[in-house]
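Novice: I am attaching a structure below and will ask some questions about it afterwards.
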Amino acid sequence: MHKILILKFSALGDVVHTLPFAATLRKTLPDSHISWMVEERFQDILQGNPDIDEVIPLRTKVWRKNWNAKSLGEILDTIKTLRQHKFDLVFDLHGLLKSGFIARLSDASNWVGFHRKNCKEKLSTLFTNQKAPYTAGGLHVVDMNLTLLQSALSKVEETKVFPLQVPDKADKKIASFMDQHPDLTARPIIAINPGAGFESKQWELDRFAELADRIAKELECSIMLTWGPGEEFKVQQISAHMQQPNWIAPPTSILESIALYKRMALLVSCDSGPLHLGAALGIPTVSIFGPTDPVRNGAYGVNHATVYKVLSCSFCWKKTCPLGTKECMNLVNVDEVFQAVKQQTKN
């Protein structure tokens, strides 16, 4: 029996994009024992996943903020857990020094990673002894991950599925919220998620408000404003600038978010974890992209529209705009996004 470790720690969208990798691995090697190391705050998304035998949580964010004897003890326990498993094969799907170092700490015999030119931190290839061939642009990260798997196993049975489980407790909480707002559920619900992982990926909040008003009035849909930790002020600001009725989503965990999004007719978002959750659930999406490449990191699958501009500095992947203008995001106007939403609602 193969003992395999997947290294994909974060963020939410990246973990979602790795689900087909685990499914394909399970389909190809059905008798293997598959473990997945992931940041503790994202481990719920793997709950009940039929392709994973074990989840090994990491607490690197906590460890960095609280460097003490307790955190050191947790780190040593994690290393001990890794070595006790005696993994045969480790897949580093990050291409970072951190992930490469953890791969080697596992004491496995084979460490598989991306080609040097496809790694975020090129020195991470020092920690892998089996590397995928170079993958040029134009390939989504989901398919890029599967290419790495293909290079390691020679023959795989691709299974591009996104198993997302919702416990009854989480589903009932969202069902109760919906029941309390009959005006919301009287029309198709379009979710608007204004958050993004970093500042350069965010669209202006007043534009979201204008867009939401047009959707509510012209397409006769209800507007649900969704948000994640630390983002409630954004949806409150959008709501305050709107003329049409709107609803702010309740605070939600990751599992409750899944229960919420699966009830939506469509999701509008920037490049964010919720965008990829919605796409994985099969919800039509309209996304607004700027510094990140929608071909590589956009919503995966069908029924997704992306609005973006190609500039000389496009897809810089910088967390803060190097020009200080956020021109790639600011050039996307409300009407362009509205027309994309209108088209998606017709499909």
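Novice: Of the numbered conditions (1) out of contact with any Phe, Trp or Tyr (no Cβ under 8 Å at 6 or more places or on another chain); (2) more than 22 Å from Q84 (Cα to Cα), S10 fails exactly one; give the number of that condition.
Specialist: (1)
Novice: Report yes if P50 is closer than 30 Å to A259 by Cα, out of contact with any strand residue (DSSP E or B) (no Cβ under 9 Å at 6 or more places or on another chain), open to solvent by 50 Å² or more (accessible area, probe 1.4 Å) and of a type outside the set (K, R), otherwise no. Can you show your working first?
Specialist: Values: closer than 30 Å to A259 by Cα: yes; out of contact with any strand residue (DSSP E or B) (no Cβ under 9 Å at 6 or more places or on another chain): yes; open to solvent by 50 Å² or more (accessible area, probe 1.4 Å): yes; of a type outside the set (K, R): yes.
Taking the combined requirement at face value, the residue satisfies it.
Novice: It is to be established whether one or more residues within the range 165-177 are within 30 Å of P50 (Cβ to Cβ), part of a helix (DSSP H, G or I), of a type in the set (K, R) and without any contact (Cβ under 8 Å) to a residue 12 or more places away in the chain.
Specialist: yes
Novice: Among the listed residues L89, L149, which satisfies the condition of being closer than 28 Å to A280 by Cα and within 21 Å of the chain's Cα centre (by Cα)?
Specialist: On the way: L89 fails: within 21 Å of the chain's Cα centre (by Cα).
Just a single option satisfies the conditions, and that option is L149.
Novice: Moving on. Do you know which of the residues in the range 175-206 that are surrounded by 19 or more Cβ atoms within 10 Å (Cβ to Cβ) and of a type outside the set (A, V, I, L, M, F, W, C) is farthest from S272 (Cα to Cα)?
Specialist: S200
Novice: Sort out which residues of the range 244-298 are under 26 Å from C328 (Cβ atoms) and assigned to a loop (DSSP other than H, G, I, E, B), and write them in order of number.
Specialist: D271, S272, I283, P284, F289, G290, P291, T292, D293, G298
Novice: Tell me, yes or no, whether the range 56-73 has at least one residue that is of a type outside the set (S, T, Y), within 23 Å of the chain's Cα centre (by Cα) and open to solvent by 80 Å² or more (accessible area, probe 1.4 Å).
Specialist: Yes, the conditions are met somewhere in the range 56-73.
Novice: Now, a different point. Looking at the range 185-205, which of the residues that are touching a helix residue (DSSP H, G or I) at 6+ places or on another chain (Cβ under 6 Å) and assigned to a helix (DSSP H, G or I) is farthest from S287 (Cα to Cα)? Full working, then the answer.
Specialist: Taking the range 185-205 first, the residues touching a helix residue (DSSP H, G or I) at 6+ places or on another chain (Cβ under 6 Å) are 185, 190, 192-194, 203, 205.
The next check asks that each one be assigned to a helix (DSSP H, G or I); those that pass are 185, 205.
Working: T185: 23, L205: 15 Å.
Among them, the one singled out is T185.
Novice: For a quick check of your reading: which strands (runs of 3 or more DSSP E) sit entirely within the range 20-101 and have at least 1 residues that are touching a residue at least 12 places away in the same chain (Cβ under 8 Å) and of a type in the set (S, T, N, Q)?
Specialist: Working: elements: 33-39, 54-58, 89-92.
Of the strands (runs of 3 or more DSSP E) lying wholly inside the range 20-101, those with at least 1 residues that are touching a residue at least 12 places away in the same chain (Cβ under 8 Å) and of a type in the set (S, T, N, Q) span 33-39.
Novice: Within the range 299-324, count every residue that is loosely packed, with under 13 Cβ neighbours inside 10 Å and more than 28 Å from E121 (Cβ to Cβ).
Specialist: Within the range 299-324, residues that are loosely packed, with under 13 Cβ neighbours inside 10 Å and more than 28 Å from E121 (Cβ to Cβ) number 1.
Novice: Now for a separate question. On the basis of being farther than 25 Å from T292 by Cβ and either among the basic types (K, R) or loosely packed, with under 14 Cβ neighbours inside 10 Å (or both), does D171 make the cut? Walk me through it before giving the result.
Specialist: On the way: farther than 25 Å from T292 by Cβ: yes; either among the basic types (K, R) or loosely packed, with under 14 Cβ neighbours inside 10 Å (or both): no.
The answer is no for D171.
Novice: Right, next: Please specify each residue of the range 116-146 satisfying the condition of being more than 30 Å from G282 (Cβ to Cβ) and either among the aromatic types (F, W, Y) or part of a helix (DSSP H, G or I) (or both). Full working, then the answer.
Specialist: The first filter runs over the range 116-146 and keeps only residues more than 30 Å from G282 (Cβ to Cβ), leaving 116-117, 119, 121-131, 133-134.
Listed by number, the residues that qualify are R116, K117, K122, L123, S124, T125, L126, F127, Y134.
Novice: What is the one condition in (1) open to solvent by 60 Å² or more (accessible area, probe 1.4 Å); (2) in contact with a helix residue (DSSP H, G or I) (Cβ under 6 Å, 6 or more places away or on another chain); (3) in contact (Cβ under 8 Å) with a residue 40 or more places away in the chain that Q237 does not satisfy?
Specialist: Single failed check for Q237: (3).
Novice: What tally of residues in the range 207-223 results from selecting those that are surrounded by fewer than 21 Cβ atoms within 10 Å (Cβ to Cβ) and either over 17 Å from P284 (Cβ atoms) or without any contact (Cβ under 8 Å) to a residue 12 or more places away in the chain (or both)?
Specialist: Taking the range 207-223 as the starting set, the residues that turn out to be surrounded by fewer than 21 Cβ atoms within 10 Å (Cβ to Cβ) are 207, 210, 213-214, 216-221.
With either over 17 Å from P284 (Cβ atoms) or without any contact (Cβ under 8 Å) to a residue 12 or more places away in the chain (or both) added as a condition, the list becomes 207, 210, 213-214, 216-218.
Counting residues in the range 207-223 that are surrounded by fewer than 21 Cβ atoms within 10 Å (Cβ to Cβ) and either over 17 Å from P284 (Cβ atoms) or without any contact (Cβ under 8 Å) to a residue 12 or more places away in the chain (or both) gives 7.
The values are calculated or read from the model by the stated rules, or taken from the named source; none is laboratory data. Computed from a predicted model, the values in this text were never measured in an experiment. Note that we place each Cβ from the backbone using ideal geometry, even for glycine, and neighbour counts take in every protein chain shown. Note: accessible area is taken over every heavy atom of the protein model, side chains too, but ligands, DNA and RNA are not part of it. Shrake-Rupley method; radii C 1.70, N 1.55, O 1.52, S 1.80 Å.
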